[in-house]
């Protein structure tokens, strides 16, 4: 059976480790009962150290190895019996530009041997994440099959596949389905061309479903990435298929 990652929230990790510190203090202090509390100075010092350590881990991405177990690669969902149809792209290419093009200097779409290349150049706005990607229309997909090559994957922090209802861009209102791949030492983006099969509500590879799943309302799919601010990256969508 595929094994899923076991994740512990930062605040939970802090509480657990703090309790261990408290118990250790009781033992080292030769108290009669473990229920006796350690001194306030010791607890305050331990709390400050743990909070600072958690903040440092987040800032340096060490949370992947500190209080989270490694993620496991999940096999693609079984799509036996699904009938897939290809998505075609035509000029003008700007119609396929995702509105996830935030805080970057440029997102350029070009045709690449019947494929769609998305090149992203990061900007200087560091107020939030920098994104770029493509979109294409599709109605109520029961499954997607995307053939992708990530460009300069070392500069990509995460990859997303979102389904929207086509009535505007408000993720909390118009997003119907999402898959998220957080890149990291344990979950690297591939450098080679690969095919990803996505079924609403199911994990696939390192793509994890997030939020609500209402694929019946989907009118368009957005494939996009979050890059390291100021860096360049992108991807090639070689082939896209949808099953209804």
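The values are calculated or read from the model by the stated rules, or taken from the named source; none is laboratory data. Since this is a predicted model, take the numbers as computed values, not measurements. Backbone-built Cβ (ideal geometry, glycine too); neighbour counts: all protein chains shown.
Tabulated data for the structure shown
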read-out: Some residue of region 132-149 being in a strand (DSSP E or B), under 13 Å from residue 226 (Cα atoms) and out of contact with any helix residue (DSSP H, G or I) (no Cβ under 8 Å at 6 or more places or on another chain); value: yes
read-out: Some residue of region 166-176 being over 15 Å from residue 118 (Cβ atoms) and modelled with pLDDT of 95 or more; value: no
read-out: Residue 167 more than 25 Å from residue 203 (Cβ to Cβ) and not in a strand (DSSP E or B); value: yes
read-out: Any chance residue 115 is under 24 Å from residue 212 (Cα atoms), assigned by TED's automatic domain parsing to the domain that holds residue 225 and in contact with a strand residue (DSSP E or B) (Cβ under 8 Å, 6 or more places away or on another chain); value: no
